[in-house]
Amino acid sequence: MMVMIQETHFRLSSVSNCTNRYYPVWYHSPHPDKKAGKVSIAFHKSFKPTLLSADIDPRGRYLFLKLSLDNCVFTVANVYFPNQGQTSFGIRIVRRLSTFAEGSRIILGGDFNLVMDPELDSSVGKSAISPTSLRNFKSALSSLRLVDLWRVLHPGVRDYSFHSSAHNSYSRLDHLFVSQNFLDFNPRCSIDTMIWSDHTPPRW
């Protein structure tokens, strides 16, 4: 019912070209002139929440939507982390999200460009990010009571969403964090097969 896309490469002049009959409603965070990056969120025609407010990064790194459906207010956040300084960027994102979000329901997804658990989420079993930095980022996520949905549902399982041909390695860089109360709805989450991209995002 909802799609979160990173690295759409949409410019402001081209964002209107991606709508279709199944996903007619799109929100974008495009850079005004650069092609790289950008994030978008699209809603299926059967899913019709009311948009209350939005926080759109002018550089195309994040997009927050505050929505209402059936008297329930929730926040959807799509993020695209940089290749360096991921944890410091992530902590800033979490702080901004905590100010923007309303209520206790948050969905945070995107390309984090980092593994949350190097031993399980990387085929080489290690990460260039220091354990202290990673621990600080996890603490920030915990402050919003956000949980790694795929890992909660698949404890101890090794599966990956990204393949690096340069390093011949696999990693789980794409994540979906949700508020703990979403677990009451018995959600499912899977990592699909890579087809046309080097990334395979989790599907809820």
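Here are some notes:
- Extreme residue, positive dipole direction of the chain, given options Thr132, Ala101, Ala166 (C-beta unit charges): Ala101
- Each peptide in 106-112, 43-49 receives the mean, over its residues, of other Cβ atoms within 10 Å, and ordering these scores from highest gives 106-112, 43-49.
- Stretchable slack from Ala54 to Asp117, in nm (0.36 nm times residue separation minus alpha-carbon distance): 19.6 nm
- Descending semi-axes in Å of the stretch 125-189, equivalent ellipsoid built from Cα gyration tensor: 24, 17, 8
- The Cα atoms of the chain define a convex hull whose projected area, averaged across directions, is 11.5 nm².
- Among Asp174, Asp121, Asp192: highest mean-square fluctuation, GNM of the chain, C-alpha pairs under 10 Å: Asp192
- Choice from Arg21, Arg105, Arg95 with maximal GNM fluctuation in the chain (Cα, 10 Å cutoff): Arg21
- Cα-derived Rg to Rh of the stretch 21-114, Kirkwood definition: 0.97
Read-outs throughout are calculated quantities, based only on the coordinates presented, and are distinct from any laboratory measurement. Since the structure is predicted, the reported quantities are computational estimates derived from the model, not experimental observations. We place every Cβ from the backbone using ideal geometry, glycine too, and count neighbours over all the protein chains shown.
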